[in-house]
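Participant: Take this structure first; my questions come after.
The values are calculated or read from the model by the stated rules, or taken from the named source; none is laboratory data. Because the structure is predicted, anything quoted here is derived from the model rather than measured. FYI the Cβ positions are ideal-geometry reconstructions off the backbone, even for glycines, and counts take in every protein chain you see. These accessible areas exclude ligands, DNA and RNA; they are computed on the full protein's heavy atoms, side chains included. Shrake-Rupley method; radii C 1.70, N 1.55, O 1.52, S 1.80 Å.
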Amino acid sequence: MAKKIGLVGVGWMAAYHVAGYRSAGADVVAIADNNPAAAKAASQKYGVDRIFGEPKELYAAITDLDAVSIITPNAFHYPLVMEALAAGKHVFCEKPPALNAAEVGEMVDAADKAGKTLMFNFNNRARPESYAMREYLRTGAVGRINSAQATWIRRNGIPGFGGWFTTKKLSGGGPVIDLLHMIDLALHFMGYPEPQFVLGQTFSDFIDNKEFKGPWGIPDVEGGVTDVEASAHAFVTFKSGQVLSIRNSWAEMNEREVVSVVFQGQKAGGKIQRLFRVEGVDATCIDSCELYTQENGFPVNRTIIVEADETMGRTRSAKNFALVLEGKEAPLNVAREALTLMKIIDGIYASAKSGRPVEIG
Ligand SMILES: NC(=O)c1ccc[n+]([C@@H]2O[C@H](COP(=O)([O-])OP(=O)(O)OC[C@H]3O[C@@H](n4cnc5c(N)ncnc54)[C@H](O)[C@@H]3O)[C@@H](O)[C@H]2O)c1
């Protein structure tokens, strides 16, 4: 029988969850959103007629619900995931997993205790480029990755001023936590090693400058709070001897918006990259997937050709969650990895505050 899935929070990101679940043959049966106008609009858009203000009403009314997506602002991930697990539901939660590692630790323990699947939407793992690169890693073509560079740098990309994105209490922070995807993807390729030290710095230049607002995000909130960073640079060492450099920004004088993981392995190097479309210059975003090897005495650059996916894996990652529930696919992520990721993010903020390296492990 098709799995029954509910959505909690039906703003911008919900469309990808609906498309992914439906492509896996699952049924989206109900919506909960504490903004009645948002709930009503989503009900019409997705053709889902059972709508609720509170998730607990949804769980009480639809007792055979299998799973739920949590797609709310970041601060509500922790309480809503805990509530869903307590109600006996499998959970697919948007990124970031929560505001900090302490919350994620409790979420992971609660999922283990409840015997339920808890996955997070690290959708970049579901990009065609990532599926391809995993094959090269799996077959040993890359060898151990010694070092990697994770980058998500926007030049003018602040997602609105004074709303939940720029209010630390609601978001957990700025681009470090919002654009954590490439940090996760680099760690995923590296085998999620155990971090040891983190050294980081954050900058808040431009965070109040409206010229640096992105063309997406949420409307500005007059008199709202803007207390997060605009950019960050960090370096992480692992107990295994591997190392990771990180650059994330919403607003920084970069050439253009670049999203990439570059790595250096013992047998080959590689890169997955998206150059975001520059209006009036590029027709589309430019995605690439490359491997750098030494063959027959020559340095060789291989281009791996995959299908284009404008959604950056967002639909495919929701499909994966639904197929995991059916036992038809392995999960693209496990909750315990999110704990390691959040320890690194906590470490970047703590190091930026203290001016010192932070020992994690
Ligand atoms: N994976 C990705 O590529 C990606 C992209 C964008 C956003 N996100 C994440 O998705 C989440 C939502 O982002 P968005 O852009 O859709 O936000 P949004 O502001 O467009 O929508 C959030 C929705 O949640 C509702 N909501 C707020 N608190 C709630 C509560 N306690 N209970 C029920 N509903 C509640 C709001 O009314 C709103 O409709 C965030 O965590 C964000 O980081 C992920």
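Participant: Is it the case that the stretch 327-335 has a residue that's under 23 Å from TYR136 (Cα atoms), crowded, with 21+ Cβ neighbours inside 10 Å, in contact with a strand residue (DSSP E or B) (Cβ under 8 Å, 6 or more places away or on another chain) and in contact (Cβ under 8 Å) with a residue 40 or more places away in the chain?
Facilitator: Yes, the stretch 327-335 contains at least one residue that is under 23 Å from TYR136 (Cα atoms), crowded, with 21+ Cβ neighbours inside 10 Å, in contact with a strand residue (DSSP E or B) (Cβ under 8 Å, 6 or more places away or on another chain) and in contact (Cβ under 8 Å) with a residue 40 or more places away in the chain.
Participant: Related question: Taking the conditions exactly as written (under 23 Å from GLU257 (Cβ atoms) and not acidic (Asp, Glu)), does VAL91 satisfy them or not?
Facilitator: Details: under 23 Å from GLU257 (Cβ atoms): no; not acidic (Asp, Glu): yes.
No.
Participant: Among ALA37, ALA41, ALA84, which is over 25 Å from GLY217 (Cβ atoms) and of a type in the set (Gly, Ala, Ser)? If you could, list the steps in order and put the result at the bottom.
Facilitator: Values: ALA37 fails: over 25 Å from GLY217 (Cβ atoms); ALA41 fails: over 25 Å from GLY217 (Cβ atoms).
Of ALA37, ALA41, ALA84, the one residue that is over 25 Å from GLY217 (Cβ atoms) and of a type in the set (Gly, Ala, Ser) is ALA84.
Participant: Scan the stretch 1-17 and report the pairs whose first residue is under 15 Å from ASN74 (Cβ atoms) and whose second residue is outside any loop (DSSP other than H, G, I, E, B) and open to solvent by 40 Å² or more (accessible area, probe 1.4 Å), with Cβ atoms within less than 6 Å and a gap of 6+ or a chain change.
Facilitator: Between residues of the stretch 1-17 that are under 15 Å from ASN74 (Cβ atoms) and residues that are outside any loop (DSSP other than H, G, I, E, B) and open to solvent by 40 Å² or more (accessible area, probe 1.4 Å), there is no close pair.
Participant: Turning to a different aspect of this structure: Mind listing just one residue for me: the one in the stretch 190-216 that is in contact with a strand residue (DSSP E or B) (Cβ under 8 Å, 6 or more places away or on another chain) and polar (S, T, N, Q) and, of those, nearest to GLY270 (Cα to Cα)? So that I can check it myself, show each step before the final result.
Facilitator: Looking only at the stretch 190-216, we keep the residues that are in contact with a strand residue (DSSP E or B) (Cβ under 8 Å, 6 or more places away or on another chain), and these are 190-191, 193-203, 205-207, 209, 211-214.
In the following step, the residues that additionally are polar (S, T, N, Q) were identified as 196, 201-202, 209.
Values: GLN196: 24, GLN201: 27, THR202: 27, ASN209: 36 Å.
That would be GLN196.
Participant: Same structure, new question: So which pairs qualify, if the first residue must be in the stretch 36-54 and closer than 20 Å to TYR21 by Cβ, the second must be hydroxyl-bearing (Ser, Thr, Tyr), the Cβ gap must be under 8 Å, and the two must be at least 6 apart or on different chains?
Facilitator: From the stretch 36-54, the pairs are ASP49/SER43; ILE51/SER43.
Participant: When you go through GLY217, GLY224 one by one, which is the residue that is within 16 Å of the ligand (Cβ to nearest atom), open to solvent by less than 40 Å² (accessible area, probe 1.4 Å) and part of a loop (DSSP other than H, G, I, E, B)?
Facilitator: GLY224
Participant: Modelled with pLDDT under 95, outside any helix (DSSP H, G or I) and in contact with a Cys (Cβ under 9 Å, 6 or more places away or on another chain): does that describe ARG256? Break it down into steps so the answer makes sense when it comes.
Facilitator: Details: modelled with pLDDT under 95: yes; outside any helix (DSSP H, G or I): yes; in contact with a Cys (Cβ under 9 Å, 6 or more places away or on another chain): no.
So ARG256 does not fit the description; no.
Participant: Being among the hydrophobic types (A, V, I, L, M, F, W, C) and within 20 Å of MET13 (Cβ to Cβ) narrows it down to one of VAL358, VAL334, VAL324, so name that one.
Facilitator: Numbers: VAL358 fails: within 20 Å of MET13 (Cβ to Cβ); VAL334 fails: within 20 Å of MET13 (Cβ to Cβ).
One residue alone meets the criteria, VAL324.
Participant: Provide a single number: the residues in the stretch 205-224 that are farther than 20 Å from SER249 by Cβ and among the aliphatic types (A, V, I, L, M).
Facilitator: To start, the set of residues in the stretch 205-224 that are farther than 20 Å from SER249 by Cβ comprises 219, 221-224.
Retained after the next criterion (residues that are among the aliphatic types (A, V, I, L, M)): 221.
Total meeting the criteria: 1.
Participant: Now for a separate question. Being more than 23 Å from ALA98 (Cα to Cα), within 23 Å of the chain's Cα centre (by Cα) and not in a helix (DSSP H, G or I) narrows it down to one residue among VAL10, VAL48, VAL68, VAL28; which is it?
Facilitator: Working: VAL10 fails: more than 23 Å from ALA98 (Cα to Cα); VAL48 fails: within 23 Å of the chain's Cα centre (by Cα); VAL68 fails: more than 23 Å from ALA98 (Cα to Cα).
Testing whether each residue is more than 23 Å from ALA98 (Cα to Cα), within 23 Å of the chain's Cα centre (by Cα) and not in a helix (DSSP H, G or I) leaves just VAL28.
Participant: With (1) of a type in the set (Asp, Glu); (2) more than 26 Å from ALA67 (Cβ to Cβ); (3) within 16 Å of the ligand (Cβ to nearest atom) as the list, and ASP282 as the residue in question, which single condition is left unmet?
Facilitator: Only one criterion in (1) of a type in the set (Asp, Glu); (2) more than 26 Å from ALA67 (Cβ to Cβ); (3) within 16 Å of the ligand (Cβ to nearest atom) is unmet by ASP282, namely (3).
Participant: Could you list all residues from the stretch 39-53 that are near the ligand (Cβ under 10 Å from one of its atoms), touching a strand residue (DSSP E or B) at 6+ places or on another chain (Cβ under 6 Å) and over 22 Å from PRO159 (Cβ atoms)?
Facilitator: ALA39, PHE52
Participant: Taking the stretch 74-98, which residues are in a loop (DSSP other than H, G, I, E, B) and within 13 Å of the chain's Cα centre (by Cα)? Can you show your working first?
Facilitator: As a first pass, look at the stretch 74-98 and keep what is in a loop (DSSP other than H, G, I, E, B): 87-89, 94-98.
Selection gives GLU94, LYS95, PRO96, PRO97, ALA98.
Participant: Filter the stretch 9-38 for residues that are near the ligand (Cβ under 8 Å from one of its atoms) and crowded, with 19+ Cβ neighbours inside 10 Å and give the result.
Facilitator: GLY9, VAL10, ALA14, TYR16, ALA32, ASP33
Participant: List the helices (runs of 4 or more DSSP H) that sit entirely inside the stretch 137-198 and contain at least 2 residues that are open to solvent by 10 Å² or more (accessible area, probe 1.4 Å). Working first, answer last.
Facilitator: Working: elements: 168-171, 175-178, 181-190.
Counting at least 2 such residues, we get 168-171, 181-190.
Participant: Between ALA114, ALA110, which is over 25 Å from PHE189 (Cβ atoms), among the hydrophobic types (A, V, I, L, M, F, W, C), open to solvent by 30 Å² or more (accessible area, probe 1.4 Å) and touching a helix residue (DSSP H, G or I) at 6+ places or on another chain (Cβ under 7 Å)? Full working, then the answer.
Facilitator: On the way: ALA110 fails: open to solvent by 30 Å² or more (accessible area, probe 1.4 Å).
Checking each option against the conditions leaves just ALA114.
Participant: When you scan the stretch 262-304, how many residues do you find that are in a strand (DSSP E or B) and closer than 20 Å to ALA141 by Cβ? Even if it seems obvious, please write down each step before you answer.
Facilitator: To start, the set of residues in the stretch 262-304 that are in a strand (DSSP E or B) comprises 262-265, 269-275, 286-295, 298-303.
Going one step further and asking which of them are closer than 20 Å to ALA141 by Cβ, we end up with 262-265, 269-273, 288-295, 298-303.
Going through the stretch 262-304 one residue at a time, the tally reaches 23.
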